[in-house]
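The values are calculated or read from the model by the stated rules, or taken from the named source; none is laboratory data. Since we're looking at a predicted model, the values are computed, not measured. Cβ: placed from backbone, ideal geometry, glycine included. Neighbour counts: every protein chain shown.
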Protein chains: 2
Amino acid sequence: MNSFIYDIPVKVYFGENQLSHLGEELKKYGNRVLLTYGGGSIKRIGLYDNVIEVLHKAGMEVFELSGIEPNPRIESVREGVKMCKEHNIDVLLAVGGGSTIDATKFMAAGACVEHDPWEFFGANAKPIERALPLVTILTLSATGSEMDSGGVISNLATQDKLGRLAQPLLPKVSFLDPTLTYSVSAYQTACGAADIMSHIMEVYFNMNKDLYMLDCFMEGMLKTVVRYAPIAIAEPENYEARANLMWTSSWAINGFINGGKKKAWSCHPMEHELSAVYDITHGLGLAILTPRWMEYCLDETNVEKYVSFGVNVFGIDANQEPMTIAKQSIQRLSDFFFKTLGLQSTFTEVGIKREDFKEMARKACRYGDIRGFKTLTPEDVERIYEMCL
Amino acid sequence: MNSFIYDIPVKVYFGENQLSHLGEELKKYGNRVLLTYGGGSIKRIGLYDNVIEVLHKAGMEVFELSGIEPNPRIESVREGVKMCKEHNIDVLLAVGGGSTIDATKFMAAGACVEHDPWEFFGANAKPIERALPLVTILTLSATGSEMDSGGVISNLATQDKLGRLAQPLLPKVSFLDPTLTYSVSAYQTACGAADIMSHIMEVYFNMNKDLYMLDCFMEGMLKTVVRYAPIAIAEPENYEARANLMWTSSWAINGFINGGKKKAWSCHPMEHELSAVYDITHGLGLAILTPRWMEYCLDETNVEKYVSFGVNVFGIDANQEPMTIAKQSIQRLSDFFFKTLGLQSTFTEVGIKREDFKEMARKACRYGDIRGFKTLTPEDVERIYEMCL
């Protein structure tokens, strides 16, 4: 069992009508705020007007950067960095989902250095020692960016989609209001659920001995998503469902569940190559890959992990052969993604083509084999891609 | 479902051999440290020497206050406050269990005010707006003081034992090394387990609708204690058992599981009166009280909570009448405390006498009825005490 450091000093205002605290939190850092967001959805749901009103009441000077795209691009980050420097920004306020928050994190870091923000990524990445303070208002339960220290940025020029973790990227404060996710579509809710589950499963499926207490928490969060994602899809304004998904999305990836586990993730690097090339929704890519990855990795040495998963998350009868339970577990997860949540189930359906597998597999392993639950070579990754056709 | 604020910025070094980071963490706050501890146990296990060596290597000027008692007393707090003021202390380092950490929290706060630290307690308690920075090294898994913002202090002169919560009391950094609990006796391990379970159950047993995700986490932590406390008792140097108990003890009471729940605790105020008068171990008092309290509160309106508890924590067969499951749940908990952990099961055994019930019940309700899971008047508390005979 490895030692670890727990250090997640993000303050969270959870629930409805907490925006009254936004002004006091921002003003701790200064007066000049860069407000970042994506498309028009925050205007449609009235959030934009509320935020602007609070900012003006607090006497903040507001600069705006909109149009941050899903799978956010380095160009947006560069634009944000430029604005931070030009306008002497004191604090950034990201309003949106993981894409907006991710992009804004690297604006905050980029504002503190002279080099191009793309140099924060890749094999010879530059250190991230400082960042401007970041406050977030979350509108989509999925990536957990509101409470973690990482982000993922795409560079279409190089067909790269790369992640980076660094403690200074952690938001100072995040506002989590489940009602702001009422307008999230059934499809995006389903993709978000798959993303949350993947974040947990990437850690859960690990043969390193670690804290049982954390395994229990992971199983509890997986059960929570299985219970509430279908409710949120059927009743978009069900507060209980939206609240459970929202708080689970944050805890799935803020680092708590890692404990001392040190294994790499598997499905995320495989998926990032898909969405780098095809620009498909991250959660959908994960949903298609995850059951195939589980099937590919299953063997006698790791079957017990599948058994715990199936019994404790899906309530599968424990009085069966381990291998039987394991296969049922994979089937139950597939059924959940593709029947209950209604997500597309194959690469063929979403237009991902065999001809790109070799190159995507090579890139997924650009830093070496994926040393996760089971070590995956580029050939393994290709085979898993093939299982998704 | 109520809104809430999550704000637990404690940094934790978890695991063996993390003390090498102690110097760098303390030096963030200054050079003059007040080291506090209880009896000689930290010397017996060699921890005292290790800490002193690290402090000297870091060039800290060390002042010491030892002899902090179990159920720590206001006199010790006063002594610590005096030392902080006399020696211009920059940072406090508490080495021990909840008693030492609790007492040190109020030294840290008392050092910032002119009035007597006992004025932080009671009906007209003075505000706690500041405290000197506090770092802790934990040697007993029980109270969770290493990661929460509260503490409990006894005043034998007034026969009071009172708690207080305030955000400035939160430790900056806590070192959690499971090997430091290897020397904790079977009895103290059992009492600690009961204390941890009580912290969770005080929140879990609550009819306010809140996040299912948090209920799952609570059930997972309770399962963890049920699984590992007997192992830690049988094999005191089992790292896995000690580690699970240690991290669970912190998360049982750091505030995360509260979500938006606003109900008062029940067993803790009833127990504090016992240990204020009889000076018995807190966890033992809780173990005796909790199953009786559950029995006293059980009715048709709340039976489902007992069912979830019994099925999800003790694995009781769900295919029975709810009331049957509820009664089995109470029995399983009693068996766990009094058979598996071997704790004494009645007030009679530990010498608590009926003649004190009326006064203790009155004091348990000094601020009004206990508005917890079920509202308890002084008469209710007396009746629960009687069930413990």
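Structure data summary
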read-out: Whichever residue in region A:200-216 is within 12 Å of chain B (Cβ to nearest Cβ) and part of a helix (DSSP H, G or I) and, among such residues, is surrounded by the fewest Cβ atoms within 10 Å (Cβ to Cβ); value: A:212
read-out: Which listed residue is assigned by TED's automatic domain parsing to the domain that holds residue B:56, touching an Asp or Glu at 6+ places or on another chain (Cβ under 7 Å) and over 25 Å from residue B:257 (Cα atoms), from B:126, B:85; value: B:126
read-out: Failed criterion for residue B:301 (all others in (1) hydroxyl-bearing (Ser, Thr, Tyr); (2) surrounded by 14 or more Cβ atoms within 10 Å (Cβ to Cβ); (3) in contact (Cβ under 8 Å) with a residue 12 or more places away in the chain; (4) under 30 Å from residue B:210 (Cβ atoms) hold); value: (2)
read-out: Close pairs from region B:1-28: first on the phi > 0 side of the Ramachandran plot, partner of a type outside the set (Val, Ile, Thr) and assigned to a strand (DSSP E or B), Cβ under 9 Å, at least 6 apart; value: B:15/A:4; B:15/B:176
read-out: Boolean, residue A:66 is surrounded by 14 or more Cβ atoms within 10 Å (Cβ to Cβ), of a type in the set (S, T, N, Q) and free of Cβ contacts under 8 Å to residues at least 60 places away in the same chain; value: yes
read-out: Members of region A:6-26 that are surrounded by 15 or more Cβ atoms within 10 Å (Cβ to Cβ) and at the interface with another protein chain (Cβ under 7 Å from one of its Cβ atoms); value: A:6, A:7, A:11, A:12, A:13, A:14, A:15, A:18
read-out: Residues of region A:118-148 classified as free of Cβ contacts under 8 Å to residues at least 60 places away in the same chain, in a helix (DSSP H, G or I) and hydrophobic (A, V, I, L, M, F, W, C), total; value: 2
read-out: Filtered residue count, region B:314-341, keeping only those that are in contact with a helix residue (DSSP H, G or I) (Cβ under 6 Å, 6 or more places away or on another chain) and either at positive phi or of a type in the set (Lys, Arg) (or both); value: 1
read-out: Qualifying positions in region B:254-272 - under 15 Å from the mean Cα position of the chain (by Cα) and closer than 28 Å to residue B:156 by Cα; value: B:254, B:265, B:266, B:267, B:268, B:269, B:270, B:271, B:272
read-out: Check on residue B:33, among the hydrophobic types (A, V, I, L, M, F, W, C) and either at the interface with chain A (Cβ under 7 Å from one of its Cβ atoms) or exposed (fewer than 15 other Cβ atoms within 10 Å of the Cβ) (or both); value: no
read-out: Residue in region A:353-372 that is over 21 Å from the mean Cα position of the chain (by Cα), within 28 Å of residue A:223 (Cα to Cα) and assigned by TED's automatic domain parsing to the domain that holds residue A:230 present; value: no
read-out: The listed residue being of a type outside the set (Ser, Thr, Tyr) and part of a helix (DSSP H, G or I), out of B:237, B:219; value: B:219
read-out: Qualifying positions in region A:226-244 - more than 9 Å from chain B (Cβ to nearest Cβ) and in contact (Cβ under 8 Å) with a residue 24 or more places away in the chain; value: A:226, A:229, A:230, A:232, A:233, A:236, A:237, A:242
read-out: Qualifying residue in region B:92-107 (condition: in a helix (DSSP H, G or I), at pLDDT 95 or above, closer than 18 Å to residue B:138 by Cβ and charged (D, E, K, R)); value: yes
read-out: Selection status of residue A:247, at the interface with chain B (Cβ under 9 Å from one of its Cβ atoms) and in contact (Cβ under 8 Å) with a residue 60 or more places away in the chain; value: yes
read-out: Odd one out for residue B:100 among (1) out of contact with any Ser or Thr (no Cβ under 8 Å at 6 or more places or on another chain); (2) in contact (Cβ under 8 Å) with a residue 60 or more places away in the chain; value: (1)
read-out: Residues that are of a type in the set (Ser, Thr, Tyr) and surrounded by fewer than 24 Cβ atoms within 10 Å (Cβ to Cβ), drawn from region B:176-188; value: B:179, B:182, B:183, B:185, B:187
read-out: Residue match in region B:160-175 (condition: surrounded by fewer than 24 Cβ atoms within 10 Å (Cβ to Cβ), within 27 Å of residue A:3 (Cβ to Cβ) and touching a Cys at 6+ places or on another chain (Cβ under 8 Å)); value: no
read-out: Filter result for residue A:273 (in the same structural domain as residue A:197 (by TED's automatic domain parsing), over 19 Å from residue A:151 (Cβ atoms) and among the charged types (D, E, K, R)); value: no
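Every residue, every condition in (1) in contact with a Leu (Cβ under 8 Å, 6 or more places away or on another chain); (2) part of a helix (DSSP H, G or I); (3) within 24 Å of residue B:294 (Cβ to Cβ), yes or no:
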{"residue": "B:179", "(1), (2), (3)": "no, yes, no"}
{"residue": "B:183", "(1), (2), (3)": "no, no, no"}
{"residue": "B:193", "(1), (2), (3)": "yes, yes, yes"}
{"residue": "B:198", "(1), (2), (3)": "yes, yes, yes"}
{"residue": "B:225", "(1), (2), (3)": "yes, yes, yes"}
